[in-house]
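Q: One structure follows; several queries about it will come next.
Nothing in this text is a laboratory measurement; each read-out follows from the coordinates by a stated rule. Bear in mind that the values here come from a model prediction, so they are computed numbers and not experimental data. Quick reminder, even Gly has a Cβ in these numbers, built from the backbone with ideal geometry, and neighbours come from all protein chains shown.
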Amino acid sequence: MPISFNETSRIFKLDAGNSTYAFLIEPNGYIAHLYYGGHVDSDAFAYLYRKRDRAFSPAAPGTTNVESRDVILQEFGTNGVGDYHAPSAIVRQGNGHNVTNFKYRSHRIFKGKPSLPGLPATFGKDDEVETLELSLYDEASDIEFILSYSTFDRYSAIARSARAVNHSLETVRIEKLASMSLDFPSDNFDLVHLPGAWARERAVERIPVPRARTVIESVRGLSSHQHNPFFALAAPHAAEEAGEVFGVALLYSGNFAAEIEFDQFDHLRAQIGLNARTFEWKLEPDAVFQSPEALLVYSDSGFDAMSRTFHNVFRNHLIRSYWKDRERPILVNNWEATYFDFNEEKLLSIAKDAAELGIEMLVLDDGWFGHRNDDHSSLGDWFVFESKLKGGLGSLVKKVNALGLKFGLWFEPEMVSRDSELFTAHPDWCLHVPGRGASEGRNQLVLDMSRPEVVDYLFKTISGVLDGANIEYIKWDANRHLTEVGSATTSPDRQKEVFHRYVLGMYRLHELLLQRYPKLLIEGCSGGGGRFDAGMLYYAPQIWTSDDSDAIERLKIQAGTSLLYPCSAMGAHVSDCPNHQTHRTTPFETRGIVALSGTFGYELDLNKMNDGERRMIREQVAAYHQYHHLVADGELHRLTDPFDPKTVVVVWEYVACDKSEALVTMVQPRNIPNGPVYRVRLRGLDAKATYELEGSGERFSGEMLMKAGLNVPDFDCDGAAALFHLKRI
Ligand code: DGJ
């Protein structure tokens, strides 16, 4: 039984993979957290329930001095009764007060896991996942919170969420609701998170947790390039292959906050959920509010194992797409090839080359609609730019299909240009605050996705385009963050709901499209990787990782991304040189090797490729077909750290789950003249097996490769790279 409740000790024990989580119903009705860590067989955790009288730690009514909420580790932080840490929820009641005192009411344990209405969530069959719903109740306000815990049998992962139910006769306001709150006893932790910016998303930062409250957040309306809804707490000595690591991700694509607080007694409270700075929800009598889901992952063997657990749970229990386990088509995207300057003839000539080279899909990016020749107009006018694409989309797609290629199309559904028919017809459909105008970002405004009629209009319009031609893929872009987040049809007392309602509307549009076109492949995007989060993976099995397509920069961006997101979700393309973002020139072969680590494609003008480059494209296409199953389904090992200034060669290894083969990629960002000779130790192989290196036919034992290592070639230029394929014989 992965989840059990001991009636005598009143202890809940949750087992997930090789982890255990335990808490107890205190005699006073509160829920005390007891343990989260490596698997423990016994459920005799009661001795961990420690009470102590502390100065300046008040006792809540009906409790004694030794039971202060300030001191006891908890599952659900109360508000205003002596717990001075971040509360799990803040509920403003009709009397103006926000004190709440949630205590145990009931619980139920059942097989499987319910979906969350309107929100992304992990899923699993009855024999894969079990759920505990713990009902907490605040008598004075008549509000109930139901905390949900779902344990995955095969993985050290627990999905958590919370929902509020208003049983009272008055309307209350939820001012904060954490999806999960996690208290740790005295210990030292490092905090690992993924700060970034446009074109340099998800750089890994590791810092000791300070004795202060640290907040990682987005208030930009999207999960953002700047921060990712993820953090990990790691033992100070934890490394890739060793040490305890607790990873937490939020399955949400809008404003989030992760709060990490280290207190006076060295207790640590960590939370993640909707960002209270920009959130409030008016809860009418009998209404229910559901929080987004958080996923907790435990590893007793470093970041490597933490990442693999996230990858497995996301691949098997979050991504739903028809394309989930299918090899994604190799695409060529015309953005960096033509920007806005294309016509049917140019696109067909790229498609013709693509077909000859084995590429499988042409993606037509920005500029095909309205009268868009630059980024000042036409967003919202999702009908073809006739004078640019003379025969229309239908004819273009037919011709592309006739060449043997699939066709994909770019949309930016959530945005509108002032210079558009849509804005002229519905000026109040954009987010704005009356009397204040609306700020522009990339010369565009944001549609009010909280309004059902806006979502319905977009569904109808986009469906019209998809019905008119054989479009099998869409790239869903979003090129600015939200400002003046006001909705014309929302009452003043609900305006603080608009950020969250926006995200719910954006999810609904995805859902509507996927219901109507179940085989549609959606690639998420927000000016590159500005909405690369687990929430989006529920709808889009792949996301454009960054607008920075420079292979050397991508080593870091893809490594940071891989901390929790699987390679099968990372859009990675070979682009032109000098690179359009960094102006760096990198060998063509290296660009291919780096792009093979994701969903593969090209972002360049195929018509300009010389014979050598065309030959290499054919080789890369063949390599993708030969090795992609390892990248998509295998186990990733990051053998060296691109963020470490001492790293000379960045090495990644993918091992088949049955250890029968492995792919190793090595990239040297900068050449060291007359440099040292290196070898790198592989991981995860079958020690007793013999592996043969493709090409040279050299043979090595798995043990040798893991203990002595594989030789790094004598690279002699910046950006040199090599790929090795080992097969068990
Ligand atoms: C930002 C995306 O990340 C690019 O790939 C491209 O689609 C442009 N937007 C188009 O405007």
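Q: More than 50 angstrom separation, counting every C-alpha pair in the chain; what % is that?
A: Details: 42932 of 265356 pairs.
Everything past 50 Å amounts to 16 percent.
Q: So, in nm, how far is label Glu139 from label His629 when the simple model puts each one 7 Å beyond its Cα toward the Cβ?
A: It works out to 6.2 nm between the two label points.
Q: Evaluate 2.2 N^0.38 Å with N set to the residue count of the stretch 59-132, then give the Cα radius of gyration divided by it. It would help to have the intermediate numbers written out before the result.
A: On the way: Rg = 16.8 Å, N = 74, 2.2 N^0.38 = 11.3 Å.
Normalised by 2.2 N^0.38 Å, the Cα Rg of the stretch 59-132 equals 1.49.
Q: A further question on this structure: Taking only the alpha-carbon atoms of the stretch 334-376, what semi-axes of the equivalent ellipsoid follow from 5 times the gyration tensor eigenvalues under a square root, in whole Å, largest first?
A: Details: eigenvalues 94, 17, 13 Å².
They are 22, 9, 8 Å, listed largest first.
Q: Under 14 Å from the Cβ of Arg615, count the other residues' Cβ atoms, weight Lys and Arg +1, Asp and Glu -1, and hand me the total. Present the calculation step by step, with values, prior to reporting the outcome.
A: On the way: positive: Arg614, Arg618; negative: Asp353, Glu356, Glu589, Asp611, Glu613, Glu619.
With Lys, Arg at +1 and Asp, Glu at -1, the neighbours total -4.
Q: Shifting gears a bit: Take the alpha-carbon centre of the stretch 293-353, take the same for the stretch 634-673, and report the distance between them in whole Å.
A: 20
Q: Compute the helix-to-body angle for 344-357: its Cα long axis versus the longest principal axis of the chain, expressed 0 to 90° and rounded to tens.
A: So the helix axis and the longest Cα principal axis differ by about 90 degrees.
Q: Out of Pro566, His481, Ala257, whose Cα points farthest toward the positive end of the dipole of the chain (charges: +1 Lys, Arg; -1 Asp, Glu; placed on Cβ)?
A: Checking the options against the dipole of the chain, the answer is Pro566.
Q: What is the diffusion coefficient of the stretch 271-383 in µm²/s, taking the Kirkwood radius over Cα pairs and the Stokes-Einstein relation at 4 °C with a viscosity of 1.567 mPa s? Please list the in-between numbers first.
A: Numbers: Rh = 19.5 Å.
D = 66 µm²/s.
Q: Now a separate question. So which lysines can Lys707 reach, going by Cα to Cα under 16 Å and dropping same-chain residues fewer than 8 places off?
A: Hits, sequence-local ones excluded: Lys688.
Q: What number, rounded to the nearest 500 deg cm²/dmol, is the helix-based mean residue ellipticity at 222 nm of the chain, given -39500 (n - 2.57) per DSSP H run of at least four residues and division by all its residues? It would help to have the intermediate numbers written out before the result.
A: Details: 12 runs with 139 residues, N = 729.
-6000 deg cm²/dmol, from helical runs alone.
Q: Let me ask something additional. Above 18 angstrom, tally the Cα pairs of the stretch 134-181 and express them as a % of all pairs, no decimals.
A: Result: 39 percent of Cα pairs exceed 18 Å.
Q: Quick check for me: using +1 on Lys/Arg Cβ and -1 on Asp/Glu Cβ, what's the dipole size of the stretch 1-112 about its Cα centre, in debye to the nearest 20?
A: Details: 12 positive and 10 negative charges, 52 e Å.
Dipole about the Cα centre, nearest 20: 240 debye.
Q: Let me ask something else. Which of the peptides 335-345, 50-60 is most tightly packed, and how do the rest follow, judged by the mean count of other Cβ atoms within 10 Å per residue?
A: 335-345, 50-60
Q: If you stretched the chain out fully between Glu613 and Ala55, how much longer would it get, using 0.36 nm times the residue separation minus the C-alpha to C-alpha distance?
A: Value of the extension gain: 193.6 nm.
Q: Along the charge dipole of the chain, Cβ charges K/R +1 and D/E -1, which of Ala305, Pro61, Phe459 sits furthest on the positive end?
A: The listed residue farthest towards the positive side: Pro61.
Q: From the phi of every residue in the stretch 290-303, what ³J(HN,Hα) in whole Hz does the Karplus formula 6.51 cos²θ - 1.76 cosθ + 1.60 yield, where θ is phi - 60° and glycine or proline is x?
A: Calculated HN-Hα couplings, in order: 9, 7, x, 9, 10, 10, 9, 10, 10, 9, 9, 9, x, 6 Hz.
Q: So, one more: Which FRET efficiency value, to the nearest 0.05, do you get for Asp658 and Arg320 by plugging their Cβ-Cβ distance into 1/(1 + (r/R0)^6) with R0 = 22 Å?
A: Numbers: r = 25 Å, r/R0 = 1.16.
About 0.30, to the nearest 0.05.
Q: Would you pull out the residues with amide H under 5 Å of Asn333's amide H, same chain only if 5 or more places away, H placed 1.01 Å from N?
A: Amide H to amide H, under 5 Å and 5 or more residues apart or across chains, Asn333 pairs with Val363, Tyr602, Glu603, Leu604.
Q: Apply the Karplus parameterisation 6.51 cos²θ - 1.76 cosθ + 1.60, with θ equal to phi minus 60°, to every residue of the stretch 83-93 and state each ³J(HN,Hα) to the nearest whole Hz, in sequence, with x for glycine and proline.
A: 9, 8, 7, 4, x, 6, 8, 10, 10, 8, 9
Q: Name the long-range amide H neighbours of Asp477: under 5 Å, sequence gap of 5 or more, or other chain; modelled H, no Pro or chain starts.
A: Residues meeting the criterion, in which the H sits 1.01 Å from N, are Phe411, Glu412.
Q: Another one. For Ala287 and Asn373, what is the calculated FRET efficiency with R₀ set at 56 Å and r taken between the beta-carbons, to the nearest 0.05?
A: Numbers: r = 48 Å, r/R0 = 0.86.
Computed FRET efficiency for Ala287 and Asn373 comes out at 0.70.
Q: While we're looking at this one, here's another question. Report, in degrees rounded to the nearest 10, the 0 to 90 angle that the Cα long axis of helix 611-633 makes with the longest principal axis of the chain.
A: 30
Q: A further question on this structure: Rounded to two decimals, what is Rg over Rh for the stretch 100-202 when you use alpha-carbon atoms and the Kirkwood radius? The partial results should precede the final answer.
A: Values: Rg = 17.2 Å, Rh = 16.5 Å.
When Rh is taken as the Kirkwood radius, the ratio is 1.05.
Q: Only four residue types carry charge here, +1 at the Cβ of Lys and Arg and -1 at the Cβ of Asp and Glu. Report the dipole size of the chain about the Cα centre in Debye, rounded to the nearest 20.
A: The calculated dipole for the chain is roughly 280 debye.
Q: At q = 0.15, 0.16, 0.20, 0.22 Å⁻¹, what is the base-10 log of I(q)/I(0) for the stretch 234-295 according to the Debye formula with one equal point scatterer per Cα and no solvent? Please give it to two decimals.
A: Log10 of I(q)/I(0), two decimals: -0.67, -0.74, -0.95, -1.03.
Q: Using only Cα atoms, tell me the angle between helix 551-562 and the longest principal axis of the chain; keep it within 0 to 90° and round to the nearest 10.
A: The angle comes out at about 30 degrees.
Q: Positive end of the charge dipole of the stretch 1-50 (Lys, Arg +1 and Asp, Glu -1 on Cβ, about the Cα centre): tell me which of His33, Ile11, Phe45 has its Cα farthest that way.
A: His33
Q: OK, next. Could you work out how much longer the chain between His97 and Thr214 gets when fully extended? Use 0.36 nm per residue separation minus the Cα distance between them, nm to one decimal. All intermediate terms of the calculation are to be shown ahead of the outcome.
A: Working: separation 117, 0.36 × 117 = 42.12 nm, distance 2.64 nm.
Length gained, His97 through Thr214: 39.5 nm.
Q: Length gain on complete extension for the stretch Thr171 to Asp153, per 0.36 nm per residue less the alpha carbon to alpha carbon distance?
A: Values: separation 18, 0.36 × 18 = 6.48 nm, distance 3.98 nm.
Taking Thr171 through Asp153 to full extension adds about 2.5 nm, to one decimal.
Q: Next up: Rank by packing, highest mean first: peptides 538-545, 300-307, with packing defined as the count of other Cβ atoms within 10 Å averaged across residues. Numbers along the way, then the final one.
A: On the way: 538-545: 26.9, 300-307: 21.6.
Going from most to least packed, we get 538-545, 300-307.
Q: Give, as a single signed number, the net charge of other residues whose beta carbon lies under 15 Å from the beta carbon of Thr545, with Lys and Arg counted +1 and Asp and Glu -1.
A: Working: positive: Arg200, Arg202, Arg328, Lys475, Arg531, Arg554, Lys556, Arg591; negative: Glu201, Glu336, Asp477, Glu523, Asp533, Asp547, Asp548, Asp550, Glu553, Glu603.
Around Thr545, the surrounding residues sum to -2.
Q: Could you derive backbone 3J(HN,Hα) for the stretch 9-17 from the dihedral phi with the Karplus parameters 6.51, -1.76 and 1.60 (θ = phi - 60°), listing whole Hz in sequence and x where the residue is Gly or Pro?
A: For the stretch 9-17, the Karplus curve yields 7, 6, 9, 9, 10, 10, 10, 9, x Hz.
Q: At Ala622 and Lys519, where each label point lies 7 Å from the Cα along Cα→Cβ, what is the point-to-point distance in nanometres?
A: 3.0
Q: Taking the Cβ of Asp153 as the centre, find all other residues whose Cβ is under 11 Å away and add up their charges (Lys, Arg: +1; Asp, Glu: -1). Don't skip to the end; give the middle numbers.
A: Details: positive: Lys111, Lys125, Arg154; negative: Asp15, Asp126, Asp127, Glu128, Glu130.
Taking every Cβ under 11 Å from that of Asp153, the sum is -2.
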